[in-house]
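Presented below is the structure to which this report refers.
The values are calculated or read from the model by the stated rules, or taken from the named source; none is laboratory data. Just so you know, these numbers come straight off a predicted model, no measurement behind them. Using ideal geometry, Cβ is built from the backbone for each residue, glycine included, and neighbour counts are taken over all protein chains shown.
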């Protein structure tokens, strides 16, 4: 029986969430599954992935073939690297302790990269918010100045009209 690790879609329209499942290769996308090993939500930035890496490694070592996207997710979470190291341990090329150290170093490096990306995204968002607020303040200040100029021009116009009206009245009083 050919077994695949693949994504199974769920969620509403245009907001899909995927289950990472182990299923028979011949079953349809939303058909019967053998085991659910995690979830993948691409709607967040970075995408949130919850994966039982032990079960995933167990299925990959048994020969389950991941789909392209599932392979990328497994690589992102370190399951494929762990499989690579485990095959080396089983062949006797490296010791289990060395494999664990390499995996731990890789996971720490990956975690630091993810944290850098998250902080960069948060910083970019706060910078864009600040720029937007500054632009809005400048626009409001310009609008206030324009309104003041219009009011001053209207007041000056009224003063001229009153002066014109008073001037003929003053001439009539002289006569």
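Going by the structure shown, is residue 37 at pLDDT 90 or above and touching a helix residue (DSSP H, G or I) at 6+ places or on another chain (Cβ under 6 Å)? Reasoning before the result, please.
Numbers: at pLDDT 90 or above: yes; touching a helix residue (DSSP H, G or I) at 6+ places or on another chain (Cβ under 6 Å): yes.
Answer is yes for this residue.
Which of (1) farther than 15 Å from residue 5 by Cα; (2) out of contact with any helix residue (DSSP H, G or I) (no Cβ under 8 Å at 6 or more places or on another chain); (3) surrounded by 12 or more Cβ atoms within 10 Å (Cβ to Cβ) is the odd one out, the single condition residue 86 does not satisfy?
If we test residue 86 against (1) farther than 15 Å from residue 5 by Cα; (2) out of contact with any helix residue (DSSP H, G or I) (no Cβ under 8 Å at 6 or more places or on another chain); (3) surrounded by 12 or more Cβ atoms within 10 Å (Cβ to Cβ), just (2) comes out false.
Please work out if residue 120 is closer than 30 Å to residue 20 by Cα, in a helix (DSSP H, G or I), in contact with a helix residue (DSSP H, G or I) (Cβ under 7 Å, 6 or more places away or on another chain) and at pLDDT 90 or above.
no
Could you please let me know if residue 13 is closer than 30 Å to residue 125 by Cα, within 30 Å of the chain's Cα centre (by Cα) and not assigned by TED's automatic domain parsing to the domain that holds residue 125?
The answer is yes for residue 13.
Checking residue 27 against (1) surrounded by fewer than 13 Cβ atoms within 10 Å (Cβ to Cβ); (2) without any contact (Cβ under 8 Å) to a residue 12 or more places away in the chain, which test does it fail?
(1)
Going by what's in this entry, would residue 102 be described as without any contact (Cβ under 8 Å) to a residue 40 or more places away in the chain, assigned to a helix (DSSP H, G or I), in the same structural domain as residue 36 (by TED's automatic domain parsing) and surrounded by 13 or more Cβ atoms within 10 Å (Cβ to Cβ)?
Spelling it out, it is not the case that residue 102 is without any contact (Cβ under 8 Å) to a residue 40 or more places away in the chain, assigned to a helix (DSSP H, G or I), in the same structural domain as residue 36 (by TED's automatic domain parsing) and surrounded by 13 or more Cβ atoms within 10 Å (Cβ to Cβ).
Could you grab me the full set of residues in the stretch 41-83 that are in a helix (DSSP H, G or I) and surrounded by fewer than 12 Cβ atoms within 10 Å (Cβ to Cβ)?
Going through the stretch 41-83, the residues in a helix (DSSP H, G or I) turn out to be 53-62, 68-77, 79-83.
Once the filter is applied, which keeps residues that are in a helix (DSSP H, G or I) and surrounded by fewer than 12 Cβ atoms within 10 Å (Cβ to Cβ), the stretch 41-83 yields 54, 62, 68.
Based on what the data block shows, is residue 30 part of a helix (DSSP H, G or I) and not assigned by TED's automatic domain parsing to the domain that holds residue 117?
No: the conditions fail for residue 30.
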